[in-house]
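Trainee: Dumping the structure here so I can ask a few things about it.
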Amino acid sequence: MICLEILEWVKLVIGGALIICGLIIFLIELYGIFHFRYVLNRMHAAAMGDTLGISVSLVGLMIFSGFNFTTLKMMLIVIFLWFASPVSSHLLARLEFTTNENLKSHCQVYKNLADLEKEIKQEREKEAGGEEK
């Protein structure tokens with residue numbers, strides 16, 4: 001009897017801690033959304049915070065619920081969010097990239113992959129040249 005009571009207290013503490021961690025992640029996300037100026041930075045903070053915050057909160061609720069069909073449903077929600085959130089964030093970022101005419105004033109833009117590879121190669125050569133001296 002006492003063993004079951006201790007197990008319930010452990011479930012309460014762990015589940016509550018995970019839910020509180022999820023809420024803290026949401027607060028950090030809100031700070032990022034309102035702190036950053038550029039839309040892609042805000043979108044990144046929102047997407048990462050939502051995915052992690054909801055997942056941690058739902059894991060806490062799964063611990064409260066125990067092992068049953070409701071837990072399976074919550075697990076499926078977590079899995080769906082882990083797939084859907086990055087895809088939707090990528091599509092929003094691509095939309096911003098293709099429609100924003102002033103993108104170069106906010107970040108570095110590469111015309112193609114070859115330009116990016118060339119710049120990385122130049123930076124590595126500079127670093128290698130600095131280490132030899």
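The values are calculated or read from the model by the stated rules, or taken from the named source; none is laboratory data. Since we're looking at a predicted model, the values are computed, not measured. Each accessible area value is taken on the protein alone, full model and side chains, heavy atoms only, with ligands, DNA and RNA left out. Shrake-Rupley method; radii C 1.70, N 1.55, O 1.52, S 1.80 Å.
Trainee: With all distinct Cα pairs included, what does the Kirkwood hydrodynamic radius of region 37-102 come out to in Å, to one decimal, could you say? Walk me through the numbers on the way to the answer.
Mentor: Details: mean 1/r = 0.0751 Å⁻¹.
Across region 37-102, the inverse of the average 1/r is 13.3 Å.
Trainee: Would you mind getting the accessible area per residue of the chain, heavy atoms of the protein chains only, 1.4 Å probe, in Å²?
Mentor: So the chain comes to 79 Å² accessible per residue, rounded to a whole number.
Trainee: Can you compute the helix-only [θ] at 222 nm over the chain? Use -39500 (n - 2.57) per DSSP H run of at least 4 residues, normalise by all residues, nearest 500 deg cm²/dmol.
Mentor: Numbers: 4 runs with 112 residues, N = 133.
My calculation for the chain gives -30000 deg cm²/dmol from helical runs alone.
Trainee: In a Gaussian network model over the chain where Cα atoms closer than 10 Å are linked, find which of Lys73, Lys104, Lys121 has the largest mean-square fluctuation.
Mentor: Between Lys73, Lys104, Lys121, it is Lys121 that shows the largest mean-square fluctuation.
Trainee: Same structure again: Three principal axis extents, largest first, for the C-alpha atoms of the chain, in Å?
Mentor: Rounded to whole Å, the extents work out to 70, 43, 27 Å.
Trainee: Looking at the chain, do any whole DSSP H helices span at least 24 angstrom along their long axis by alpha carbon and average 1.0 or above on Kyte-Doolittle, and which? Numbers along the way, then the final one.
Mentor: Working: long enough: 2-35 (49 Å, 1.96); 39-65 (38 Å, 1.17); 69-99 (44 Å, 1.16); 113-132 (29 Å, -1.64).
Flagged H segments are 2-35, 39-65, 69-99.
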